[in-house]
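To keep things clear, I will list the structure first and then write my remarks on it.
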Amino acid sequence: MINFAHRGASGDYPENTLLAFREAIKVGATGFELDVHKTKDNKIVVIHDEDIERTFLGKGLIKDLTLEELQKFKCRKVLFRNLTNCYIPTLEEVLEIVKSNNLILNIELKTDEIHYIDIEKDVIDLVKKYEVENKIIISSFNPESIKICKDIDSEIKTGFLYCKPIVNVIEKAKKLKANAIHPSFELVSKKLIQKAHENNLEVNIFTVNSPRDMRRVINMKADGIFTDYPGLLNQIISEE
């Protein structure tokens, strides 16, 4: 089972920062999950929201700011505000970490609200530049983004994200040529996982943070768990 650190070890450290990713490795994560947007000057950056102000001291949409401008903003969490590794990183900086560690990286394309032109191609180009194709899953809530990724490279692994019930989700994922479904924890059942596996689809579940829920998902034979607490999940996996 892949222990995906959701936005890094985000339960204890500022999400989607290099600090959160490096600390996740220390506590036993075997994968990262992160979110990407595109800057005004066409750089791929790692941050969850379209606007910076929830996690950083400032305002503005990612698409309206340059990389240089974005990386000047300080972390909103007081305890981490002056640390040098708590800025908005580029995807390339995280790919450097992935390349040198035994990790799987889930890149979520944040195209459900804003569709950045060519973001799918830009991300795949970077993945190939760092030669980590075999370590990558590209996911999105937007089915069109998954389709575009497969049109660009049929071998790239993709995951179909969803947080509301979808009728015949297995068939929809197969039509998209996705390699996995990524349902929210509330939508998961052992039957769903079994059916997905019968159709050669992996099942990676978000966001699972309590020991009880972790044990439940492990016992259902999921392929991966996204969690804010990769250290805790590592302990639970060892116990199970």
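Structural remarks
- Test: residue in the range 184-192 that is part of a loop (DSSP other than H, G, I, E, B), touching a Lys or Arg at 6+ places or on another chain (Cβ under 7 Å) and at pLDDT 95 or above: no
- Selection of the range 95-112 for residues being open to solvent by less than 20 Å² (accessible area, probe 1.4 Å), not charged (D, E, K, R) and not in a helix (DSSP H, G or I) yields Leu103, Leu105, Asn106, Ile107, Leu109, Thr111.
- Within the range 7-27, residues that are of a type in the set (D, E, K, R) sit with their Cβ atoms under 6 Å from residues that are open to solvent by 50 Å² or more (accessible area, probe 1.4 Å), at 6+ positions apart or across chains, in these pairs: Glu23/Tyr13.
- Every condition in (1) among the polar types (S, T, N, Q); (2) closer than 30 Å to Glu240 by Cα; (3) under 18 Å from the mean Cα position of the chain (by Cα); (4) surrounded by fewer than 21 Cβ atoms within 10 Å (Cβ to Cβ) holds for Thr90 except the one numbered (2).
- Contacts under 9 angstrom Cβ, first residue in the range 144-160 being farther than 12 Å from Ala173 by Cβ and polar (S, T, N, Q), partner outside any helix (DSSP H, G or I) and open to solvent by less than 10 Å² (accessible area, probe 1.4 Å), 6 or more apart: Ser145/Leu109; Ser145/Thr111; Ser145/Ile138; Ser145/Ser139; Ser145/Thr158
- For Asn82, the criteria (1) closer than 16 Å to Phe32 by Cβ; (2) polar (S, T, N, Q); (3) open to solvent by 10 Å² or more (accessible area, probe 1.4 Å) hold in every case but one, which is (1).
- Hits in the range 210-222 - residues which are surrounded by 19 or more Cβ atoms within 10 Å (Cβ to Cβ) and in contact (Cβ under 8 Å) with a residue 60 or more places away in the chain: Ala222
- The range 119-171, residues that are part of a helix (DSSP H, G or I), buried (at least 18 other Cβ atoms within 10 Å of the Cβ) and polar (S, T, N, Q): Ser145
- Residue in the range 19-37 that is under 20 Å from Lys99 (Cα atoms), touching a Cys at 6+ places or on another chain (Cβ under 9 Å) and open to solvent by less than 10 Å² (accessible area, probe 1.4 Å) present: yes
- Of the candidates Lys63, Lys40, Lys72, Lys59, the single residue that is assigned to a helix (DSSP H, G or I) and either of a type outside the set (A, V, I, L, M, F, W, C) or over 16 Å from Asn16 (Cα atoms) (or both) is Lys63.
The values are calculated or read from the model by the stated rules, or taken from the named source; none is laboratory data. Predicted model, so just to flag it, every value in this text is computed and none were measured. Every residue, glycine as well, gets a Cβ built from its backbone with ideal geometry; the counts of neighbours run over all protein chains shown. Just so you know, the surface numbers come from the protein's heavy atoms only, side chains and all, with ligands and any DNA or RNA stripped out. Shrake-Rupley method; radii C 1.70, N 1.55, O 1.52, S 1.80 Å.
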